[in-house]
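**Q** Dropping the structure in here first, questions after.
Every number here is computed from the coordinates shown, using simple stated rules; none is lab data. Everything quoted here is computed from the prediction, not taken from an experiment. FYI the Cβ positions are ideal-geometry reconstructions off the backbone, even for glycines, and counts take in every protein chain you see.
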Amino acid sequence: MPQHDIGAAVQSRDLGMAKITALSWRAGAAGVAVAGLLTVVLAHHPAAGTVPAGHRDDHGSILIPAQPPSQAPGAGQVTSGSS
Amino acid sequence: MTTSAVTRDTFEVFGTTAVLLVTRPGVIGQARSIADRLLAEIDLACSRFRPDSELSRLNAAGGEPTPISSTFTDLIAVALRAARLTGGDVDPTCGRALTGLGYDRDFADVRAAGDAPPRLTGPVGPVPGWTRVQLDRGGRRVRLEHGAQLDLGATAKAWAADKCAEQIADRTGCGVLVSLGGDVAVAGQPPPDDWRIRVTDDHAAPQWAAGQTVTISSGGLATSSTTVRAWTLGGRKVHHIIDPSTGEPARSCWRTVSVAAGTCTDANTASTAAIVRGAAALDWLHDAGLPARLVRHDGTVETTAGWPYDDPGDAA
C-alpha cells in the first residue's frame, strides 16, 4: 500500500476513534443523568413509600405492620369504624 | 407479666368515644390520667371548633408566620408527612372545603342543624395544597400561604391514639389498647390471645354489628368511611372525607376501608387515602404491603396484603 494511503487510513481511524470516544462519554453522561432522575422520581412515588415491618422511618415511609391481622371468632373488645 | 384479664375505661373525647384497655387491672386509673392530659393538650392545639386553639388562631392569622407549641408542630408535621406519602390525597389544607360544606362546628351540632346552610356556602374548588404550609419545625413557626386553612382531622386523632398507647405502655409496663373513635393503637405486651377488634362501618356500632373480627398484636388499625360522618346540605348527602383535587366529598367506590399498619397514624393515612383514590387504592395498598379490607357500597369486600379471609355474607 502506498505511504499516502496508509497515512490517510491512520488519520481516518484516529478520527473514528475520537468520534466513538466522544459518543461514549455523552452516552455515559446521559445514563448517569437518567439514573439520577429515576432515583428522584421513584423516591417520590407513593408505592415506594413503604418499609419492611419492624423498621421505623418517621420521615419517608408508611410503616407496614409486623404481621397482618388474624381472623378471630365472635365479637371484638373494641370496634373500629368511622366516627 | 401480663394476664388475660383486661380492664376497660370508656369516655367521651374529641366529640367521639374513647376506649382504654389495659392488661393489668391496677393501672387503669393511671392510664386514664395519662390519656386525659395528652388528649387535652392535643385538643387545645388542633381543635377546629375551639376559638382558643392554636389551629383556630393560625387559620385566622391571614398568612402571617405564627409561633406554635411543640405539640402543634408535631401535629402539623404528621399531617404534612401523610400528604407527602399519599401524593397529596390526604391533605391538611381542606379546612375551607369542610367549612363550605357546613362542617364548621362540632359534628353533633352539624347533624342537629339538619339542612341549614353553612356560614360559608358554595363549592370552594381544589384545596390550596399541603405545599402551601410552610413549617419551620426547629423554629416552631408556621405560615399558611394562598389562603390555606388547616384541618388535621385525618391524622390528629390517630396520632393521639398512638401517643397515648405509647406513653401508657412506657409508664405502666403493661399492654394497652387505645381506641379514639375507632382509630386503634396498641403498645406493650398484648394479651395472650392478642387484641380483638370488630371492623365495621361505624365505631359506635355494637360489637356484633355486620363486619369482621380480627386480632392484632402491635401497631394500629383504622377505618375510614363515608357512611357515618355524613349530613345533608341543600338536599344532597355529603361527608367529611374531602378529595383535595375537587374540594368536594370524595366520590369513592368504597363505603368503608380498614387498614392495619405499623402505627395507627399510618393506618388512618392509608385508609383515608384509599377512600379518595377509589378503585386505584387496591393496587396501591397491595404494592405498599398494607393489609386492608375495602367494602363497596353494595357490601362486597376486597382484601389486600394478608388481611384474613372475610366471609362474603358477613359484610353487608
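**Q** Sort out the exposed loop trypsin sites (Lys or Arg not before Pro) in chain B (DSSP loop, at most 16 other Cβ within 10 Å) and tell me the longest stretch that has none. List each step's numbers first, then the result.
**A** Values: sites that count: B:105, B:119, B:137, B:140, B:251.
Longest run free of exposed loop sites: B:141-250.
**Q** Taking the beta-carbon count within 10 Å as an exposure proxy, list B:89, B:266 from fewest neighbours to most. Before the final figure, lay out each step's value.
**A** Working: B:89 26, B:266 32.
Least to most surrounded, the residues fall as B:89, B:266.
**Q** A further question on this structure: Can you give the alpha-carbon Rg of chain B over 2.2 N^0.38 Å, where N counts its residues?
**A** Expressed relative to 2.2 N^0.38 Å, the Cα Rg reads 0.97.
**Q** May I ask you to evaluate 6.51 cos²θ - 1.76 cosθ + 1.60, the Karplus curve with θ = phi - 60°, for each residue of the range B:246-253 and list the ³J(HN,Hα) values in order in whole Hz, giving x for glycine and proline?
**A** The phi angles translate into 10, x, 10, x, 4, 9, 9, 7 Hz.
**Q** In terms of modelled amide H atoms, which long-range or inter-chain residues lie less than 5 Å from the amide H of residue B:94?
**A** Those qualifying (amide H under 5 Å, at least 5 residues apart or on another chain) are B:151.
**Q** List B:12, B:248 from most exposed to least, where exposure is judged by having the fewest other Cβ atoms within 10 Å.
**A** Values: B:12 8, B:248 17.
Taking fewest neighbouring Cβ atoms as first place, the list is B:12, B:248.
**Q** Using bins 5 angstrom wide from zero, how does P(r) for the range B:156-310 break down, in % of all Cα pairs?
**A** 2, 10, 18, 22, 20, 14, 8, 4, 2, 0, 0
**Q** Given charges of +1 on the Cβ of Lys and Arg and -1 on the Cβ of Asp and Glu, with all other atoms neutral, how large is the dipole of chain B about its Cα centre, in debye to the nearest 20? All intermediate terms of the calculation are to be shown ahead of the outcome.
**A** Numbers: 31 positive and 36 negative charges, 111 e Å.
Approximately 540 debye in magnitude.
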